[in-house]
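Colleague: Sharing a structure, written as structure tokens. Questions coming.
The values are calculated or read from the model by the stated rules, or taken from the named source; none is laboratory data. These figures come from a predicted structure and were not determined experimentally. For neighbour counting, all protein chains shown are included, and Cβ atoms are generated from backbone atoms with ideal geometry for every residue, glycine included. Ligands, DNA and RNA are stripped out before the accessible areas are found, and what is left, the full protein with its side chains, is counted by its heavy atoms. Shrake-Rupley method; radii C 1.70, N 1.55, O 1.52, S 1.80 Å.
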Amino acid sequence: MIKNNTNDLAKTIGENIKVARKLKGLTQKQIAQTFFMTQQQYSRFETGKFEQNYKQLYDICKLLDTSPNELFDFER
């Protein structure tokens, strides 16, 4: 069993979401509006203060044209 610190994982995912968002040329506010939330709420995803559920991760991946592997920083 692999044990990961969930705080570290949330921060890694958040940082990777931020990079993918910037590569797409989108602002936090634009993405927040897509998900019917405030920019401040969305910001918590990118800082790792709030963990996404499966559906949110799926939707973020689709919006940013990225994969869960890239968000979780998995290497083959």
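Colleague: Calculated from the structure, Cα Rg over 2.2 N^0.38 Å equals which of [x] 1.15; [y] 1.26; [z] 1.04?
Modeller: The value matching this structure is [z].
Colleague: Of the heavy-atom accessible surface of the chain (probe 1.4 angstrom), what whole percent is carbon and sulfur?
Modeller: Here carbon and sulfur together make up 51 percent of the probe-accessible area.
Colleague: Straight-line reach from Lys62: which lysines have Cα under 16 Å away, leaving out those fewer than 8 places along the same chain?
Modeller: List returned: Lys18, Lys22, Lys24.
Colleague: Using mean Cβ contacts within 10 Å as the protection proxy, how do 10-21, 56-67 order, highest first?
Modeller: Most protected by this proxy first, the peptides run 10-21, 56-67.
Colleague: I've got another one for you. Determine the per residue accessible area of the chain with all protein chains present and a 1.4 angstrom probe, expressed in square angstrom.
Modeller: Solvent-accessible surface per residue comes out at 76 Å².
Colleague: Sorting check: for 40-48, 23-31, which peptide has the highest mean count of neighbouring beta carbons within 10 Å, and how do the rest follow?
Modeller: 40-48, 23-31
Colleague: Moving to a separate point now. Tell me the relative contact order for the chain as a rounded percent, counting alpha carbon contacts under 8 Å between residues six or more apart.
Modeller: 42
Colleague: So, in nm, how far is label Glu51 from label Thr12 when the simple model puts each one 7 Å beyond its Cα toward the Cβ?
Modeller: In this crude label model, Glu51 to Thr12 measures out at 1.4 nm.
Colleague: Evaluate the distance, in nm, between pseudo-label points positioned 7 Å from the Cα of Gln39 and of Asp73 along their respective Cα→Cβ axes.
Modeller: Placing both labels 7 Å beyond Cα along the Cβ direction yields 2.6 nm.
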